[in-house]
Amino acid sequence: MAHVLADFVLQTNKLSQNKQMNILDLIKHTLIVFLTSLILTIHYFSLNLLSVLIIISVIHGLIDYSKIYLSRKYGKDFELELFLSDQLLHILLIIAVIPWFDPQINQHILAFFTELQRTYEGLTLLDIQRIGFLAIAAAVIIFNFQGSTFVVRKTLKKYKSDISSEGDRGKAIGNLERLLIILFIILGYYSLIGLLFTAKSLIRFKEIETGNVGEAFVEYYLIGSFVSIFMAISSASLLKVFYYLW
């Protein structure tokens, strides 16, 4: 959750561009990663937690620096590959430091939270397991609204698709599409995914039939749709795995 927020929500387009030219902006992004991680794991506040978060944040910054270096060296032909590799390394980093983390609940913060539960009885429903699952669910949804859009657009850009004509409308359609697919998978309405894709294709078919678009549009449309659907199905399936584990 902290990684998704730091990389896709709190990191603005301006910061993303500036950190490629200014080391101070890269450090700023690294600090955002650290503070976001600290706030979301404050329940386990300790020196052990601080050391783990510092390791994650510093290596996160080094991974980003390596991505910037490789992007300058190889140009824009490998933007998609660099983006996917960057995200994979960040996730593997978080998994790799888990053995060094000793999750002992901070008693002072626990006492504060207990007092809140006495004041607001509705909070008694939120135990550690439920909070953990809700955080993962929120991370999946946020990633599909932000991260998946990057993947789709970088994929289309790699295949020389002109996505400027779609603008924010294409992003909004993709976000709603992925949100519906996640909802369908969680509820078990798998057949509706096919219905959604069919309805979307029928709307586009009129443009293709009348010849208002170029021949390459069909290929770009299929690439964008399949990548978007794949991102939604894979992340929703991951969410369902966590649901069964809890």
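Data table
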item	result
Hits in segment 69-95 (condition: in a helix (DSSP H, G or I) and not aliphatic (A, V, I, L, M))	Tyr69, Ser71, Arg72, Lys73, Tyr74, Glu79, Glu81, Phe83, Ser85, Asp86, Gln87, His90
Scope segment 45-62; condition surrounded by fewer than 16 Cβ atoms within 10 Å (Cβ to Cβ), in contact (Cβ under 8 Å) with a residue 12 or more places away in the chain and in a helix (DSSP H, G or I); matching residues	Asn48, Leu50, Ser51, Ile54, Ile55, Val58
Residues of segment 74-101 classified as over 19 Å from the mean Cα position of the chain (by Cα) and among the β-branched types (Val, Ile, Thr), total	2
For Gln104: the one exception among (1) open to solvent by 60 Å² or more (accessible area, probe 1.4 Å); (2) within 24 Å of Leu35 (Cβ to Cβ); (3) touching a residue at least 60 places away in the same chain (Cβ under 8 Å); (4) within 23 Å of the chain's Cα centre (by Cα)	(4)
Any chance Ser71 is at pLDDT 90 or above, under 25 Å from Asn22 (Cβ atoms) and within 22 Å of the chain's Cα centre (by Cα)	no
Of all residues in segment 1-44 being farther than 24 Å from Phe113 by Cα and of a type in the set (Gly, Ala, Ser), the one that is least open to solvent (accessible area, probe 1.4 Å)	Ala6
Which numbered condition Leu134 misses (of (1) closer than 23 Å to Lys240 by Cα; (2) in contact with a Phe, Trp or Tyr (Cβ under 9 Å, 6 or more places away or on another chain); (3) open to solvent by 50 Å² or more (accessible area, probe 1.4 Å))	(2)
Residue ID - modelled with the lowest pLDDT, chosen from residues in segment 79-93 that are farther than 22 Å from Asp25 by Cβ, of a type outside the set (D, E, K, R) and surrounded by fewer than 16 Cβ atoms within 10 Å (Cβ to Cβ)	Leu84
Any hit, segment 2-24, residues being among the aromatic types (Phe, Trp, Tyr), in a helix (DSSP H, G or I) and within 21 Å of Lys154 (Cα to Cα)	yes
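The values are calculated or read from the model by the stated rules, or taken from the named source; none is laboratory data. Computed from a predicted model, the values in this text were never measured in an experiment. Glycine also receives a Cβ, built like all others from the backbone with ideal geometry; neighbour counts cover every protein chain displayed. Side chains included, ligands, DNA and RNA excluded: accessible areas come from the protein's heavy atoms. Shrake-Rupley method; radii C 1.70, N 1.55, O 1.52, S 1.80 Å.
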